[in-house]
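Read through the structure below, which is laid out as structure tokens, and then see the notes.
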Amino acid sequence: MIGTSYLGATHAICMAHLGYDVIGVDVDAEKVAKLTAGVVPFFEPGLTELLEATLATGRLRFTTSYDEAADADVHFVCVGTPQRRGENAADLSYIESAMASLAPLLTRPTVVIGKSTVPVGTAERMLAFLHEHAPVGNQVEMVWNPEFLREGWAIEDTLHPDRLVFGVTSSTGEKAMREIFASMISTGVPVVVTDLATAQLVKVAANAFLATKISFINAMAEVCEVTHADVKKLSEALSYDGRIGGRFLHAGLGFGGGCLPKDIRAFMARAGELGVDQALSFLSEVDAINQRRRARMVDLARECVDDSFKRRKVGVLGAAFKPNSDDIRDSPALDVATRIHKAGAQVTVYDPAAMVNARRDYPALTYAASAEEAIDGADVVLHLTEWQEFRELDPVALADRVRQRHIVDGRNALDAERWRAAGWHYRALGRP
Ligand code: UGA
């Protein structure tokens, strides 16, 4: 398993759990040391327990040395493909250096299985590179096997995926994949066998669709705001139409994280290179709607403090880009918190899991040890990541801790009636 960040570590642990001998390779010695010691370097429910259990079987180990993985029957490529600084396109340097390290070690026929999210055409380039540089030459098989796991549900999504996609160039590749995933296939998981290009596209198309669905309902929220309609009710009513469905139709502060935002941008950049930028121009609107929600949240908060943040105290509930995660990459919550801080307010943030990451990357903000502490003396409270812990807060008990009882629910997840009944001025995105 080449790359042991979120995807690679989860996949390595789950494959060892399924009974395979797995060796995770990463150039980051600190990550390798942590995983070897049974410590998962990120927050993911259940993963620490599964890591400990699989390490104990002796089937799983981690190393910084590619040489130790040289004799593997198959090589999964799980390295990151972040957004290039200042550009929409994906940075493929990790993939390129992984291929450069792996190629000289391939001395016998082998299958290289790509799982990273890549611009279409990358797999074909990787395969050509391996054929040229591996001692075994064109006996390297390439398979593209996109991964759809969600943070917070990583184990469940890996062990019980809703589909398996195998992008292959020959029956040898398909046979290898059917063997590796036999236990899942036997439970009825649908398998879609495609060429390399289609498999690479499936992943970005899926994320583009999910982002579009979120921005669609957030665009409806914008219309609701000027018509005094209720986007939550609107979304509920749409959800009963089986053709539409209710998942990913929650209006609020919009999407963030290490995947959706950068994937739609990289997809647009790739479409431009391929001369079909018009086909994906709607994705720039999807991105723009998403950004506008953040600005709207700041405006709502400003309205609560008489149009000026100067010398105001703002309590922020949530820092992670979504609940059950400590991931703060492109976090809508921290973006909003930072904008308000820059506008002159004292912003105090609390998150159940993402405090270490938030403090490291956003040192200018103030941090509290609990939700209660974050809202102490606040002029307005902002609910920006919908952790269960925040839904369970008692608005009656909190009422006396704040200077003004203003709450803006950026995730449409709190019980509006309960907060209003406790004397709070409750506002939300897309709702009266
Ligand atoms: C996403 C995809 O859902 C996974 O299928 C995919 O494998 C993964 O990216 C990836 O490419 O690796 P993830 O980034 O973990 O997974 O997060 P999501 O659960 O998709 O949520 C993304 C963002 O959308 C979050 O900020 C969430 O708060 C927001 N969201 C989600 C909404 O605003 N409304 C919704 O209805 C749903």
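General remarks:
- Counted residues, the stretch 196-205 - those being polar (S, T, N, Q) and either touching a helix residue (DSSP H, G or I) at 6+ places or on another chain (Cβ under 7 Å) or buried (at least 22 other Cβ atoms within 10 Å of the Cβ) (or both): 1
- Here is the figure for the stretch 138-151: residues that are acidic (D, E) and either surrounded by fewer than 21 Cβ atoms within 10 Å (Cβ to Cβ) or within 14 Å of the ligand (Cβ to nearest atom) (or both) total 2.
- Which listed residue, of R329, R312, is within 16 Å of the ligand (Cβ to nearest atom), of a type in the set (K, R) and under 26 Å from S370 (Cβ atoms): R329
- Selection within the stretch 206-243 - touching a helix residue (DSSP H, G or I) at 6+ places or on another chain (Cβ under 9 Å) and among the β-branched types (V, I, T): T212, I214, I217, V223, V231
- Candidate set from the stretch 152-181 (those that are free of Cβ contacts under 8 Å to residues at least 12 places away in the same chain and closer than 15 Å to V74 by Cα); member that is farthest from the ligand (Cβ to nearest atom): K175
- Output for the stretch 357-388, where each listed residue is within 16 Å of the ligand (Cβ to nearest atom) and either outside any loop (DSSP other than H, G, I, E, B) or touching a Cys at 6+ places or on another chain (Cβ under 7 Å) (or both): N357, A358, L382, H383, Q388
- Residues located in the stretch 1-28, provided they are surrounded by fewer than 19 Cβ atoms within 10 Å (Cβ to Cβ), aromatic (F, W, Y) and within 16 Å of the ligand (Cβ to nearest atom): none
- Hits in the stretch 1-53 (condition: under 16 Å from V77 (Cβ atoms), touching a Phe, Trp or Tyr at 6+ places or on another chain (Cβ under 9 Å) and not hydrophobic (A, V, I, L, M, F, W, C)): G3, T4, S5, Y6, G8, H11, G24, D26
- Here D361 fulfils each of the conditions (1) within 30 Å of A288 (Cβ to Cβ); (2) in contact (Cβ under 8 Å) with a residue 60 or more places away in the chain; (3) of a type in the set (D, E) apart from (2).
So that you can scan it fast, the table gives a plain yes or no per residue for (1) surrounded by fewer than 19 Cβ atoms within 10 Å (Cβ to Cβ); (2) in a loop (DSSP other than H, G, I, E, B):
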{"site": "F62", "(1), (2)": "no, no"}
{"site": "R85", "(1), (2)": "yes, yes"}
{"site": "I95", "(1), (2)": "no, no"}
{"site": "S101", "(1), (2)": "yes, no"}
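- Output for the stretch 285-340, where each listed residue is without any contact (Cβ under 8 Å) to a residue 60 or more places away in the chain and in contact with a Phe, Trp or Tyr (Cβ under 8 Å, 6 or more places away or on another chain): R302, I328, L334, A337, T338, I340
- Qualifying residue in the stretch 52-59 (condition: modelled with pLDDT of 95 or more, part of a strand (DSSP E or B) and assigned by TED's automatic domain parsing to the domain that holds Y20): no
- Residue in the stretch 206-217 that is away from the ligand (no atom under 11 Å from the Cβ), assigned to a helix (DSSP H, G or I) and out of contact with any strand residue (DSSP E or B) (no Cβ under 7 Å at 6 or more places or on another chain) present: yes
- Once the stretch 239-285 is narrowed to residues that are closer than 17 Å to V204 by Cβ and of a type in the set (K, R), the residue that is nearest to the ligand (Cβ to nearest atom) is K262.
- Some residue of the stretch 163-183 being in a helix (DSSP H, G or I), modelled with pLDDT of 95 or more and closer than 25 Å to L384 by Cα: no
- Top-ranked residue of the stretch 105-137 - restricted to ones that are under 32 Å from the mean Cα position of the chain (by Cα), of a type in the set (S, T, N, Q) and outside any helix (DSSP H, G or I), ranked as farthest from the ligand (Cβ to nearest atom): T110
Yes/no per residue for (1) within 30 Å of V168 (Cβ to Cβ); (2) surrounded by fewer than 21 Cβ atoms within 10 Å (Cβ to Cβ); (3) modelled with pLDDT under 95:
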residue: F209; (1), (2), (3): yes, yes, no
residue: T212; (1), (2), (3): yes, yes, no
residue: C224; (1), (2), (3): no, no, no
residue: H228; (1), (2), (3): no, yes, no
residue: A237; (1), (2), (3): no, yes, no
residue: G242; (1), (2), (3): no, yes, no
residue: G245; (1), (2), (3): no, yes, no
residue: F248; (1), (2), (3): yes, yes, no
residue: A251; (1), (2), (3): no, no, no
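- The stretch 317-326: number of residues that are crowded, with 24+ Cβ neighbours inside 10 Å and either within 9 Å of the ligand (Cβ to nearest atom) or of a type in the set (S, T, Y) (or both): 3
The values are calculated or read from the model by the stated rules, or taken from the named source; none is laboratory data. This one's a predicted model, so the numbers in the text were calculated from it and none came from an experiment. Quick reminder, even Gly has a Cβ in these numbers, built from the backbone with ideal geometry, and neighbours come from all protein chains shown.
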